[in-house]
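The block underneath contains the structure these notes are about, expressed in structure tokens.
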Amino acid sequence: MSLLCVKVNIFCDSENHNAEAPNDQNKKCDYRSTWDVISESEDFKDNSNKPVYLDLPTPTFTLLQPKDRVFCLVLDVSGSMNGKGRLTRLRQASVLFLKDIIEEDSKVAIVTFNSKALIKRYLTNISDDDTRNQLIKDLPTTAEGGTNICSGLQMGFQVLEKDGSSKGGEIILLTDGEDPSVGSCFEEFKNQGTKIHSIALGPNAEKDLEKFPQMTGGFMFFTSDTFSCNGLLDAFMEISNNNHQVWQNSILYPLENTGKDMEPRGSFAGKVELDSAVGNKTTFLVTWKTNSTPTMLIIDPDRKEYKNNDFKIEEHLHIGTLQIPDTAKKGTWMYNISNTDNNQQNVALTVLTKPSDSKNSPVLVITYQEPGQTTAIFAEIFQDFSPVINAEVTAIIETEKGSSSIHKLLDSGSGADLTRNDGIYSVFFRPTTKGRHGFKVRVERIKKQSKQEPALASHAMYVRSYFENGALHWNPPKPPVSDNLIPVEDFSRTKSGGAFIVTEVPPAGEDVYPPCKITDFAAAMENDTVMLSWTAPGDDLDEGTALEYELRISGNVQELRDRFHNATKVNTTAIRPLPARSKEEFSFVPEMTNDTVIYLAIRALDETGLASGLSNIEQVTIAKPAVPTTTANIKDDNKNTARNKDLILGIAVASVAGDVRIEEFLYEKLEKKAPTRMNNNEQLGEYMIDSGNEFGPGTAYGNALIKCGETQKQIGIAEREFIQSSAINFLTPFRNFLEGDFKTVSKERKLLQNKRLDLDAAKTRLKKARAAEARAAAEQEVRIAQSEFDRQGEITRLLLEGIGSTHAHHLRCLNDFVEAQTTYYAQCYQYMVDLQKQLGSFPTTLTSNNNQNSSSSAQSISDPSIPVSSSLPTPANSVVTSGFSELRVSCGTRKARVLYDYDAADSSELSLLADEVIIVYSVPGMDTDWLMGERGTQKGRVPITYLELLN
């Protein structure tokens with residue numbers, strides 16, 4: 001406690017801040033002082049709120065006691081609520097709120113408004129099901145008239161004030177309309193002590209609705225007209241959960257919140273993971289839009305089935321409710337909803353639960369976002385105040401027009417994420433449309449079930465060495481750090497993130513997003529080499545591929561931070577940036593003397609010159625440390641000895657197995673990353689360029705070799721990008737499918753086969769039974785086997801239907817793979833065409849390849865995206881060469897077809913267009929690789945490699 005109550009007299013500023021200290025303040029705040037950071041906040045920037053030195057007053061303490069919730073529903077019943085099924089959705093969400101969400105002993109009132117406001121029910125205490133049903137009867141059933149939001153809010157406030165509940169009361173405002181006069185009542189509710197939560201329904205809802213929650217401390221939600229998005233129910237649940245009793249057993253945990261627009265006789269299926277920390281009052285809520293009740297099937301972990309007759313179905317409201325008695329079983333619950341109508345059906349499913357009596361605390365999810373032209377979405381996942389790591393987290397973001405997009409959130413310490421494995425998952429969102437956006441976060445499953453224990457150790461960064469009084473001192477080796485991971489059960493959660501407004505979007509086709517800042521830049525010394533690693537940013541924030549990196553070093557950390565462009569630049573032309581989120585590595589040998597500390601930072605640039613922010617700054621010491629012999633070193637030596645024995649055995653095995661690369665095997669055994677190896681085309685290009693430089697770049701042959709080498713390297717780079725793209729967009733999703741859903745389906749199918757064999761065996765025993773008693777027992781066995789077979793068949797069918805969407809996803813991945821391959825071959829073809837053009841312009845005699853059949857013609861090459869001629873020219877074709885020789889001897893003229901475009905280098909040459917026919921002839925003294933060409937009145941030299949003589 002003494003550490004928490006330490007006295008602070010002054011904050012460090014730019015004059016006394018130690019920018020070289022290895023702490024999180026420097027790392028996270030760009031090496032700025034505490035006061036520099038504070039002074040840029042809204043409270044203190046522009047020199048406002050200057051410090052005032054006063055005698056501290058005697059503290060007073062007030063004891064607060066939580067009270068029951070008091071709500072007033074202020075519901076829009078204007079004429080626009082009749083469209084898009086909005087009134088139906090309002091009734092459905094309100095019924096579920098009153099019946100299943102609102103807590104016992106809460107008070108609820110209902111006010112409706114259009115041009116005028118009407119009190120439908122004064123504050124009513126929720127004491128039993130009868131009072132809930134009375135409130136449900138007072139929900140609006142018709143809608144007409146205009147929209148006067150202020151009248152509804154004023155009437156709602158009067159209802160709360162009459163009961164003495166205006167202080168601490170809450171108004172839930174739901175509207176789809178515009179009201180130009182809404183600003184007239186802003187000040188009226190600003191300091192009343194009543195929270196106002198706004199729910200905007202549809203694209204035309206009043207644009208100033210956000211101001212009510214901002215002024216009163218409420219929440220803002222938005223839902224589009226897409227029925228299956230479940231946005232209204234999300235909003236009611238979040239409002240109910242965000243209160244002072246959030247840590248008590250009254251909180252509702254949404255496990256699943258999904259929907260689908262089903263085709264006639266279609267269906268959708270899925271699964272929900274229920275962990276042991278929850279399970280009380282587990283409820284499956286199904287809502288639909290038309291008068292046709294869908295077929296509902298829920299299967300618990302013990303294969304028990306719940307069907308329509310187990311649901312409480314309210315036909316007039318289009319709601320089906322299934323509440324599992326007692327505590328629901330831990331494990332995987334499966335669901336399947338089928339459309340019974342011959343028309344399209346819109347269905348939504350929500351699964352809610354409450355904490356069980358388990359000693360474990362439930363996994364909690366908190367969402368928030370940072371609005372702006374580039375919005376960052378965050379989700380914090382924790383259990384028992386410890387971060388949950390390795391979760392799969394996605395955000396579904398919905399626009400006003402109803403379109404939605406899915407974004408994967410990562411806890412990787414790169415991109416939008418600041419710290420790796422802290423339980424806070426994040427992603428950048430680049431909006432393409434203005435207006436309101438709503439989002440929710442889904443935690444679908446756990447890859448490696450684990451969570452991190454609370455870390456009580458220091459967060460200071462490890463520094464290998466330091467200078468003191470001009471002398472270099474070495475710190476002891478960094479001790480190993482245990483991850484202290486505790487397993488976490490499989491679980492599912494969903495969480496609404498509310499709404500945010502996008503006010504600006506970049507013009508179409510304009511690049512305004514630079515690469516994101518590199519936040520995990522790491523540097524280390526190995527012998528005399530600086531080893532660097534970082535996570536690749538994208539071309540636009542954390543998407544795409546950056547163009548290049550700029551790496552600079554300095555002996556002064558502040559100089560590097562403030563005047564990065566003046567620091568010493570390191571040659572990084574060898575780095576070929578990888579796609580975003582890939583691991584980048586680079587090494588170089590600094591030209592420094594020993595006992596020198598250098599600081600390094602890096603940034604990325606895109607093709608338009610936009611640069612990322614400066615990365616975190618790393619430091620290394622150029623020196624050879626004297627590492628003392630310790631027990632840890634001896635243990636490491638013993639470990640290395642054992643590893644060397646394995647290595648010798650491994651080399652022997654690798655020598656026998658011809659398909660194993662010994663080099664890669666050695667790196668794996670030594671626990672080192674194999675260096676990036678050039679592919680065949682890049683190696684060929686390097687050899688050609690080296691040979692061309694030896695022959696001399698000024699010679700025709702040397703220059704041609706260099707150009708060929710550069711083209712081969714371009715092809716090698718294209719091949720590397722194609723392989724990386726294929727691995728990310730096709731191989732990885734397919735491998736995940738094979739290791740996940742496919743294994744589950746295979747297991748269930750194998751179980752189905754076993755059940756069929758059991759059924760066949762039971763039927764065989766029935767046929768062989770002769771005695772009545774034996775026959776009765778055999779018949780009972782057949783019935784049981786048939787029932788188990790039918791149940792397993794249904795489970796297998798549901799799983800197979802559930803992976804239908806996976807097939808569609810993999811089809812898209814396959815299309816991406818084919819498109820990437822098409823692009824790769826098109827790039828290679830274009831590189832070779834450009835190379836042929838360059839070689840054709842060289843004034844040298846091209847001779848025939850002796851190994852090539854002189855009568856063969858070039859193969860036809862075509863591509864749907866690149867216009868090419870029907871055949872490519874072959875300089876080694878002796879038939880064509882002999883035709884040109886005869887033309888020179890005869891001194892006559894011939895017609896020739898142009899094989900591909902040629903741009904004249906100067907006025908003495910004639911530009912050509914592919915497939916045109918020109919007149920050619922020889923001129924005495926002209927180079928043998930050229931002829932004179934005529935097209936009408938135009939005349940000039942043309943290269944023979946671009947021509948095909950016509951008979």
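Return the residues of the range 165-182 that are touching a Cys at 6+ places or on another chain (Cβ under 7 Å) and open to solvent by 10 Å² or more (accessible area, probe 1.4 Å); say none if nothing qualifies.
Once the filter is applied, which keeps residues that are touching a Cys at 6+ places or on another chain (Cβ under 7 Å) and open to solvent by 10 Å² or more (accessible area, probe 1.4 Å), the range 165-182 yields only Ser181.
Quick check on my filter: what residues within the range 210-239 are farther than 25 Å from Phe157 by Cα and assigned to a loop (DSSP other than H, G, I, E, B)?
Ser224, Asp225, Thr226, Asn230
Which of (1) open to solvent by 80 Å² or more (accessible area, probe 1.4 Å); (2) under 26 Å from Thr545 (Cβ atoms) does Thr568 not meet, given it meets every other one?
Going through (1) open to solvent by 80 Å² or more (accessible area, probe 1.4 Å); (2) under 26 Å from Thr545 (Cβ atoms) one by one, Thr568 breaks only (2).
Consider the range 259-296. How many of its residues are within 11 Å of Val347 (Cα to Cα) and under 28 Å from the mean Cα position of the chain (by Cα)?
6
Criterion first (at pLDDT 80 or above and either aromatic (Phe, Trp, Tyr) or part of a loop (DSSP other than H, G, I, E, B) (or both)) does Phe737 satisfy it?
Answer is no for this residue.
Looking at the range 172-182 only, could you name the residues that are among the hydrophobic types (A, V, I, L, M, F, W, C) and in a strand (DSSP E or B)?
Ile172, Leu173, Leu174, listed by residue number.
Report, ordered by the first and then the second residue, all pairs with beta carbons closer than 7 Å, sequence separation of six or more or different chains, a first member in the range 246-257 that is within 15 Å of Asp68 (Cα to Cα), and a second member that is assigned to a loop (DSSP other than H, G, I, E, B) and modelled with pLDDT under 90.
From the range 246-257, the pairs are Ser250/Glu103.
Within the range 705-713, is even one residue among the charged types (D, E, K, R), in contact (Cβ under 8 Å) with a residue 24 or more places away in the chain and open to solvent by 80 Å² or more (accessible area, probe 1.4 Å)? Write out each step before concluding.
Restricting attention to the range 705-713, the residues satisfying the condition of being among the charged types (D, E, K, R) are 707, 710, 713.
Right, trim to in contact (Cβ under 8 Å) with a residue 24 or more places away in the chain and you get 707, 710, 713.
Adding the requirement that they be open to solvent by 80 Å² or more (accessible area, probe 1.4 Å) leaves 710.
Yes, that holds for at least one residue.
Can you name the condition, by its number, that Asn736 falls short on among (1) under 26 Å from Thr823 (Cα atoms); (2) over 33 Å from the mean Cα position of the chain (by Cα)?
(2)
Report yes if Ile723 is buried (at least 16 other Cβ atoms within 10 Å of the Cβ) and among the aliphatic types (A, V, I, L, M), otherwise no. Give the derivation first.
Details: buried (at least 16 other Cβ atoms within 10 Å of the Cβ): no; among the aliphatic types (A, V, I, L, M): yes.
In short, no.
If you go through the range 369-397, how many residues are loosely packed, with under 15 Cβ neighbours inside 10 Å and either among the charged types (D, E, K, R) or in a strand (DSSP E or B) (or both)?
2
Read through the list (1) assigned to a helix (DSSP H, G or I); (2) within 21 Å of Ile239 (Cβ to Cβ); (3) without any contact (Cβ under 8 Å) to a residue 60 or more places away in the chain, then give the number of the only condition that Lys167 fails.
That leaves (1) as the condition not met.
Quick check on the range 9-45: of everything there that is aromatic (Phe, Trp, Tyr), open to solvent by 60 Å² or more (accessible area, probe 1.4 Å) and in contact with a helix residue (DSSP H, G or I) (Cβ under 8 Å, 6 or more places away or on another chain), which residue is modelled with the highest pLDDT?
First pass over the range 9-45, keeping only residues aromatic (Phe, Trp, Tyr): 11, 31, 35, 44.
Filter once more, so that each one left must be open to solvent by 60 Å² or more (accessible area, probe 1.4 Å): 11, 35, 44.
Still in the running and in contact with a helix residue (DSSP H, G or I) (Cβ under 8 Å, 6 or more places away or on another chain): 11, 44.
Details: Phe11: 77, Phe44: 81.
Checked the range 9-45; the qualifying residue modelled with the highest pLDDT is Phe44.
Take the residues of the range 183-201 that are assigned to a loop (DSSP other than H, G, I, E, B) and touching a Ser or Thr at 6+ places or on another chain (Cβ under 7 Å): which is surrounded by the most Cβ atoms within 10 Å (Cβ to Cβ)?
Step one: list which residues in the range 183-201 are assigned to a loop (DSSP other than H, G, I, E, B), which gives 191-194.
With the extra rule that they be touching a Ser or Thr at 6+ places or on another chain (Cβ under 7 Å), the set shrinks to 192-194.
On the way: Gln192: 16, Gly193: 13, Thr194: 23.
Restricting to residues being assigned to a loop (DSSP other than H, G, I, E, B) and touching a Ser or Thr at 6+ places or on another chain (Cβ under 7 Å), the top hit is Thr194.
Can you name the residue in the range 398-417 that is crowded, with 16+ Cβ neighbours inside 10 Å and not small (Gly, Ala, Ser) and is also farthest from the chain's Cα centre (by Cα) among such residues?
Glu400
Could you list, in sequence order, all residues of the range 580-628 that are in contact with a Gly (Cβ under 8 Å, 6 or more places away or on another chain), of a type in the set (Lys, Arg) and at pLDDT below 85?
Within the range 580-628, none qualify.
Condition first: under 20 Å from Leu90 (Cβ atoms) and modelled with pLDDT under 90. Can you find one or more residues in the range 290-313 that meet it?
The answer is yes, given that some residue of the range 290-313 is under 20 Å from Leu90 (Cβ atoms) and modelled with pLDDT under 90.
Say we look at the range 522-538 and pick out the residues that are in a loop (DSSP other than H, G, I, E, B) and open to solvent by less than 20 Å² (accessible area, probe 1.4 Å); which of these is modelled with the lowest pLDDT?
First, the residues of the range 522-538 that are in a loop (DSSP other than H, G, I, E, B): 527-528, 536-538.
From what's left, open to solvent by less than 20 Å² (accessible area, probe 1.4 Å): 536-538.
Working: Ala536: 93, Pro537: 93, Gly538: 90.
Filtering the range 522-538 for residues that are in a loop (DSSP other than H, G, I, E, B) and open to solvent by less than 20 Å² (accessible area, probe 1.4 Å), the one modelled with the lowest pLDDT comes out as Gly538.
Going by what's in this entry, would Pro264 be described as within 30 Å of Tyr306 (Cβ to Cβ), out of contact with any Phe, Trp or Tyr (no Cβ under 7 Å at 6 or more places or on another chain) and surrounded by 22 or more Cβ atoms within 10 Å (Cβ to Cβ)?
no
Applying the selection to the range 119-132, what residues are open to solvent by 60 Å² or more (accessible area, probe 1.4 Å) and under 18 Å from Asp163 (Cβ atoms)? Even if it seems obvious, please write down each step before you answer.
Our first condition is that a residue be open to solvent by 60 Å² or more (accessible area, probe 1.4 Å); within the range 119-132, this holds for 120-122, 125, 127-130.
Passing the criteria: Lys120, Arg121, Tyr122, Asn125, Ser127.
Restricting attention to the range 217-236, which residues are in contact with a helix residue (DSSP H, G or I) (Cβ under 6 Å, 6 or more places away or on another chain) and modelled with pLDDT of 85 or more?
Answer for the range 217-236, where residues must be in contact with a helix residue (DSSP H, G or I) (Cβ under 6 Å, 6 or more places away or on another chain) and modelled with pLDDT of 85 or more: Phe219, Met220, Phe221, Thr223, Leu232, Leu233, Phe236.
Just to be sure before I move on: is Glu256 acidic (Asp, Glu), closer than 26 Å to Ser94 by Cα and surrounded by 19 or more Cβ atoms within 10 Å (Cβ to Cβ) in the structure I sent? Reasoning before the result, please.
Values: acidic (Asp, Glu): yes; closer than 26 Å to Ser94 by Cα: yes; surrounded by 19 or more Cβ atoms within 10 Å (Cβ to Cβ): yes.
In short, yes.
Could you identify the single residue in Ser587, Ser533, Ser582, Ser612 that is hydroxyl-bearing (Ser, Thr, Tyr) and in contact with a Phe, Trp or Tyr (Cβ under 9 Å, 6 or more places away or on another chain)? Step through it out loud before you land on a result.
Values: Ser587 fails: in contact with a Phe, Trp or Tyr (Cβ under 9 Å, 6 or more places away or on another chain); Ser582 fails: in contact with a Phe, Trp or Tyr (Cβ under 9 Å, 6 or more places away or on another chain); Ser612 fails: in contact with a Phe, Trp or Tyr (Cβ under 9 Å, 6 or more places away or on another chain).
Testing whether each residue is hydroxyl-bearing (Ser, Thr, Tyr) and in contact with a Phe, Trp or Tyr (Cβ under 9 Å, 6 or more places away or on another chain) leaves just Ser533.
Filtering the range 35-46 down to residues that are in a helix (DSSP H, G or I) and within 33 Å of the chain's Cα centre (by Cα), which residue is nearest to Ile10 (Cα to Cα)? Give the derivation first.
Step one: filter the range 35-46 for residues in a helix (DSSP H, G or I), giving 35-38, 45-46.
Adding the requirement that they be within 33 Å of the chain's Cα centre (by Cα) leaves 37-38.
Numbers: Val37: 14, Ile38: 12 Å.
The extreme case among them is Ile38.
The values are calculated or read from the model by the stated rules, or taken from the named source; none is laboratory data. It should be emphasised that the depicted structure is a prediction, and the values quoted were computed from it without experimental measurement. So basically every Cβ, Gly included, is an ideal-geometry build from the backbone, and we count neighbours across all protein chains shown. Only protein heavy atoms, including side chains, enter the accessible area calculation; ligands, DNA and RNA are left aside. Shrake-Rupley method; radii C 1.70, N 1.55, O 1.52, S 1.80 Å.
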